[in-house]
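A short worksheet on the structure shown next.
The values are calculated or read from the model by the stated rules, or taken from the named source; none is laboratory data. The shown structure was predicted, so the numbers you read here are calculated from the model rather than taken from an experiment. For neighbour counting, all protein chains shown are included, and Cβ atoms are generated from backbone atoms with ideal geometry for every residue, glycine included. With ligands, DNA and RNA removed, areas are computed over all heavy atoms of the protein, side chains included. Shrake-Rupley method; radii C 1.70, N 1.55, O 1.52, S 1.80 Å.
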Protein chains: 4
Amino acid sequence: MEQKFRVDLNSDLGESFGGYKMGSDDKIIPLVSSANVACGYHAADPVVMSKTITLVKEAGSAIGAHPGFPDLMGFGRRNMSLSFEEAKAYVLYQVAALGGMCQAQGVKLQHVKPHGALYNMAAKDYELSKAICEAVKEYDEEIIILALSGSETVKAAKDLGLKVALEVFADRGYEEDGSLVARSKVGAFIHDETEAVDRVVRMIRENKVTAVTGKDINIQADSICVHGDGENALLFVEKIRQRLIAEGIEICPLRQL
Amino acid sequence: MEQKFRVDLNSDLGESFGGYKMGSDDKIIPLVSSANVACGYHAADPVVMSKTITLVKEAGSAIGAHPGFPDLMGFGRRNMSLSFEEAKAYVLYQVAALGGMCQAQGVKLQHVKPHGALYNMAAKDYELSKAICEAVKEYDEEIIILALSGSETVKAAKDLGLKVALEVFADRGYEEDGSLVARSKVGAFIHDETEAVDRVVRMIRENKVTAVTGKDINIQADSICVHGDGENALLFVEKIRQRLIAEGIEICPLRQL
Amino acid sequence: MEQKFRVDLNSDLGESFGGYKMGSDDKIIPLVSSANVACGYHAADPVVMSKTITLVKEAGSAIGAHPGFPDLMGFGRRNMSLSFEEAKAYVLYQVAALGGMCQAQGVKLQHVKPHGALYNMAAKDYELSKAICEAVKEYDEEIIILALSGSETVKAAKDLGLKVALEVFADRGYEEDGSLVARSKVGAFIHDETEAVDRVVRMIRENKVTAVTGKDINIQADSICVHGDGENALLFVEKIRQRLIAEGIEICPLRQL
Amino acid sequence: MEQKFRVDLNSDLGESFGGYKMGSDDKIIPLVSSANVACGYHAADPVVMSKTITLVKEAGSAIGAHPGFPDLMGFGRRNMSLSFEEAKAYVLYQVAALGGMCQAQGVKLQHVKPHGALYNMAAKDYELSKAICEAVKEYDEEIIILALSGSETVKAAKDLGLKVALEVFADRGYEEDGSLVARSKVGAFIHDETEAVDRVVRMIRENKVTAVTGKDINIQADSICVHGDGENALLFVEKIRQRLIAEGIEICPLRQL
């Protein structure tokens, strides 16, 4: 009997703020199975959050919280040194706010994925990851942590007994240890779209990817991160979707993996 | 058989922010039965909120959300013109954030009391009150609305089928229609502490208070608002408590009324 | 000898914030003679302000500060009740910040135009206008106040001895008393572009405009407010410019009027 | 002929925000010769800034800007990774805002001292220091940079041709290279007040201090940083002042050194 392959497509959404519009949420939402929704710290305000939940709910996709640093001016992309207590409380606040707004619309929060600099710092920092995961666990231990494959966040989530989904990037190169090639290095990005899609398909079917050194490494791909900004990004998501479907790989939310 | 009288004592708490300390929470919390906790908009940050929930939980008091305008610089005390959609979403965000942080500590949110200018504007504005109450109802219809006795907020909460508790002020004068005497008018404040306590006891036992005109009016007193800032305020709370106990009036949280 | 007619074209600019882009500043700046630059309260951050000053300087246009309410989430478009002291200090802070950043680039601040809800509230509120004008006067009494023709802001500025330039709107209807027809009323907007341009030319050449009642009223038009958002807005600015030039009306900054 | 010794006493002030009060500005201002005034990013709002300028002006002390990170929730005490462009623009914005508010009260800005984490990060980071100093230079090249004795900030300021004043701490230990002993290490703090004052006097008269290793090192002390929070801090400032006066050391603002 043939093995059934499944993967989740996730995207960062709901990042508009007040009079400022960001992204093409209405176009990207129908194309993904899991939506990471900003929670009012690095982006979004309550009106945006409420509307985004409605859009995702109508599209039938799953919802996750996308908590970030309290740095709207830097869009959460700048490293900040938070104490364990601060990191935990800030994540809990944001997850609770979005979770409760979902509850008000009859939707259950599926996952939490840290945003931007918080995601990147946590990937290399077990204590920061633990602060994030403790917040999630205390709020609702059924929530799935969506984290970089091979990161400290994965370790911390597992140590706390939380479910973890592993995220991979179609357009990024990997080191032999499974970490992403730094953006400043050669091989950081996969510019050829067909190659990028080929790599994703292989990650899903074979659990393997060719590292920047040329060596094949093991990788687990539960979810692929796609971008929704700009026409090219949307075309690329369409391309990935078509290829996954052609390969018989089912696109479904994290909770169905 | 003698009738059993009960009343709630509520106070605004958890209003510190980052490096800024406000109020004497550790001293006032053991003296009240219901704590109104700021939610990060007009005051408080997630670390403060988390610590305040712990303090209130340890004291065995009940917790309510105290959502305000997004105006930290004005401490939520300045009128702002929000649309219905904005008011509803801002309240839902704050209530959900605090509610989820309570849930993380195994505590159930008892009530919601709007803060400052939001409270005062809503008291006279049915639509604004409705926005607040719809947010609360969609989040959790068991939550009690704590509102000014005789206000539009009471009407809106009742129309939506929410439980309402009526708040009275020991140190304020009342007009014949049950509204508070404007702060700029003669009779706005009851300066004599004994008189203030006498009035409160009569509101509870007889459901009556003498209006600024000298005429007795009907009033329902489910909860008395007390202040926790400064030594005098704390002494006054002690005085009210002793008198209520002496009168055989039980002090208990809103949910036990 | 023929009379020489002159008018200023002003536009609101520099309203991006962090990762959020707003407006087409690079396209509108070369088309206007005076740029109203946001100051970090209702919109803009210091990086945006610095870049905007450079763009305006390179285009040879004049710069003005565009202070607003401390309400980024509402883009300064929501009424807020500030005390006199608060309004004055907030305006001074913003004007000083932009003025000093201009000074760092060797540019002199030409004017101040309040933004959004602050502009509209001040137009009807002499005390609020006075707070704004006192702030400007104490900072630099050479700065020109750009205010709605016929508003309380004009009166307050004149009473304080400040220079005032009168702003008119090409696309808005006027009441007989010179105020704008409320947005909710019939006749609030002039939808026909040719009619709008005709009206502007008449305001400049004859100091007259036809009110919504059909009666001609006197009006002084020192500066025309144009919008820079979207392709249509830019086309309309081009249309006004061409017509003004064809009519022999010189477009020049406020300080040259 | 006897040599005349002089030193400046500086303190961080004007750190209240909206309804939040911090510090005892009215008590510390008369005791120092230079006041570092917060500029609205890590602390302070325009009303606080305006009042603080008035207080300092009335006391006859000199005023400096105390720019910090845009992190009110963390009081500017948490490291943030800013780009060179961001750091420069943020400092310029804050210095310009305070400088212009001083100008409105007829006061000239004397110095700039970075606050908290910005001060500490810049002390070890030449590029960050350069961003700060470029901002100050472009705003007004007469402004004095107040920086940690021996820091990268001193180097950057000198390289840009700015005047620099060197700050020392009465209550901190020094390493042999002139840097402060890290707070986590033994010898970080001088707990004995008399010893602390003795050390300060020796720094001023002999330009020497005993490092934590026991070895004497050279140090230049233009300004002593004192704290104004709490009764003990104020008593210590009094103690330092009395001793300096007894030693014939004149206390005067940086610009008179």
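List of remarks:
- Rounded percent of accessible protein surface that carbon and sulfur make up, the protein assembly as shown, 1.4 Å probe: 48
- Against the compact-protein benchmark of 2.2 N^0.38 Å, the Cα-based radius of gyration of segment A:66-203 scales to 1.11.
- Segment D:81-97 - phi-based ³J(HN,Hα) in whole Hz, Karplus 6.51/-1.76/1.60, Gly and Pro as x: 8, 9, 6, 4, 4, 5, 4, 5, 5, 5, 5, 4, 4, 5, 5, 5, 4
- For residue D:27, the accessible surface of its heavy atoms amounts to roughly 120 Å² (probe 1.4 Å, protein chains only, rounded to the nearest 10).
- Each Lys and Arg contributes +1 and each Asp and Glu -1, all at the Cβ; summed about the Cα centre of segment B:104-144, the dipole is approximately 200 debye.
- Chain B: equivalent-ellipsoid semi-axes (sqrt of 5 x gyration tensor eigenvalues, Cα, Å): 27, 21, 18
- Largest-first principal axis extents of the Cα set of the protein assembly as shown (Å): 85, 78, 73
- Distance between modelled label sites at residue B:208 and residue D:142, nm, 7 Å Cα→Cβ extension: 7.5
- Placed amide H near residue A:62: partners under 5 Å, 5+ positions off or other chain: A:34, A:35
- Entries in A:4/A:215; A:124/A:163; B:27/B:158 that, when Cα-Cα distance is taken, lie over 24 Å: A:4/A:215; B:27/B:158
- Placing A:121, B:203 in order of accessible area, with the largest value first and a 1.4 Å probe, yields A:121, B:203.
- Percent of Cα pairs in segment D:167-244 per distance bin of 10 Å, from zero to the largest separation: 19, 55, 25, 1.
- The protein assembly as shown, helix-only ellipticity at 222 nm - DSSP H runs n ≥ 4, -39,500 (n - 2.57), divided by all residues, nearest 500: -12000 deg cm²/dmol
- The A-B contact accounts for approximately 1900 Å² of buried accessible area, totalled over both chains at a 1.4 Å probe radius.
- Overall size of segment D:7-88 from C-alpha positions, given as principal axis extents largest first: 37, 33, 17 Å.
- Per residue, the convex hull spanned by the Cα atoms of segment D:214-257 amounts to 116 cubic angstrom.
- Minimum Cβ-to-axis distance in chain A for the rotation onto chain C, with residue, whole Å: A:20, 2
- Unit charges on C-beta of K, R, D, E only; dipole of segment B:114-257, Debye: 240
- The phi-based Karplus calculation (6.51 cos²θ - 1.76 cosθ + 1.60; θ = phi - 60°) puts the 3J(HN,Hα) values of segment A:57-67 at 4, 5, 7, x, 7, 8, 10, x, 8, 10, x Hz, whole numbers, x for Gly and Pro.
- Where chain D is the region considered: accessible area per residue in Å², 1.4 Å probe: 40
- With the gyration tensor restricted to C-alpha atoms of segment C:47-140, the semi-axes of the equivalent ellipsoid amount to 24, 14, 11 Å, longest first.
- Solvent-accessible area of residue C:128 with every protein chain in place, 1.4 Å probe, in Å² to the nearest 10: 20
- Shielded by partner chains, segment B:12-60 residues - at least 50 Å² of accessible area, 1.4 Å probe, vs chain alone: B:17, B:20, B:46, B:47
- Residue-level accessible surface for residue D:231, protein heavy atoms, 1.4 Å, Å²: 150
- Ratio Rg/Rh, restricted to segment D:126-224 and using Cα atoms, in which Rh is the Kirkwood radius: 1.03
- Projecting the Cα atoms of B:180, B:147, B:203 onto the charge dipole of segment B:143-208 (Cβ charges, centred on the Cα centre) puts B:147 farthest toward the positive pole.
- Close amide-amide hydrogen proximity is noted between residue C:165 and C:145, C:146, C:147, each under 5 Å apart and 5 or more residues distant or on a separate chain (H modeled in the peptide plane; Pro and chain starts excluded).
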